[in-house]
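The block underneath contains the structure these notes are about, expressed in structure tokens.
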Amino acid sequence: MTDASPSPRRVAEIASYHAHIYFDDATGRATATRLRDLIAARFPVRLGRWHDVPVGPHVAPMYQIAFATPVFAALVPWLMLNHGGLNILIHPNTRNPRRDHLCDGLWIGRPRALLSDRLPDHADEADGAGEVNTQPDPAAEI
Ligand code: ZN
């Protein structure tokens, strides 16, 4: 018999977050470039490599931004207002990458398909935010 009311999960499970910024064509790539520069000037994050072809569970070109949990409160609302029509997946990083991406994330813009068979349902360790590789200007307006 399953417990009808399991203990709620704790936010301490979340080691970091990812934002995946998707683009489809040259215009989208230009918008994604501008967005990347604006983010780099404002937020302490780790900007990932450009993937101009689909990679892993992602079915469109994109780049990833990894960030520590305290950054969420400023970065995510800023992306809501400044995504420029791009579709963005924000997901937590816990020890269940499949659930993180498919069930527990949120979308800015329109949801995109993900290849669920490329996502393991267990990881020994949740992905951390990694080293910050931006140099935000404290005077930049958010
Ligand atoms: Zn991710």
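The values are calculated or read from the model by the stated rules, or taken from the named source; none is laboratory data. Please read these numbers as outputs of a predicted model, since none were measured by experiment. Reconstructed Cβ throughout: ideal geometry from the backbone, glycine too, with neighbour counts over all protein chains shown.
Exactly one residue out of His101, His58, His91 is surrounded by 19 or more Cβ atoms within 10 Å (Cβ to Cβ) and in contact with a Leu (Cβ under 6 Å, 6 or more places away or on another chain), and it is His101.
Rundown of residues vs (1) within 16 Å of the ligand (Cβ to nearest atom); (2) at pLDDT below 95, yes/no style:
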{"residue": "Pro57", "(1), (2)": "yes, yes"}
{"residue": "Phe67", "(1), (2)": "yes, no"}
{"residue": "Pro70", "(1), (2)": "no, no"}
{"residue": "Ile90", "(1), (2)": "yes, no"}
{"residue": "Asp104", "(1), (2)": "yes, no"}
{"residue": "Leu115", "(1), (2)": "yes, yes"}
{"residue": "Arg118", "(1), (2)": "yes, yes"}
{"residue": "Ala129", "(1), (2)": "yes, no"}
{"residue": "Val132", "(1), (2)": "no, no"}
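Listed conditions (1) closer than 16 Å to His18 by Cβ; (2) in contact with a Ser or Thr (Cβ under 9 Å, 6 or more places away or on another chain) are all met by Gly85, apart from (1).
Looking across region 1-30, just one residue is of a type in the set (Gly, Ala, Ser), in a helix (DSSP H, G or I) and surrounded by 13 or more Cβ atoms within 10 Å (Cβ to Cβ), and that is Gly28.
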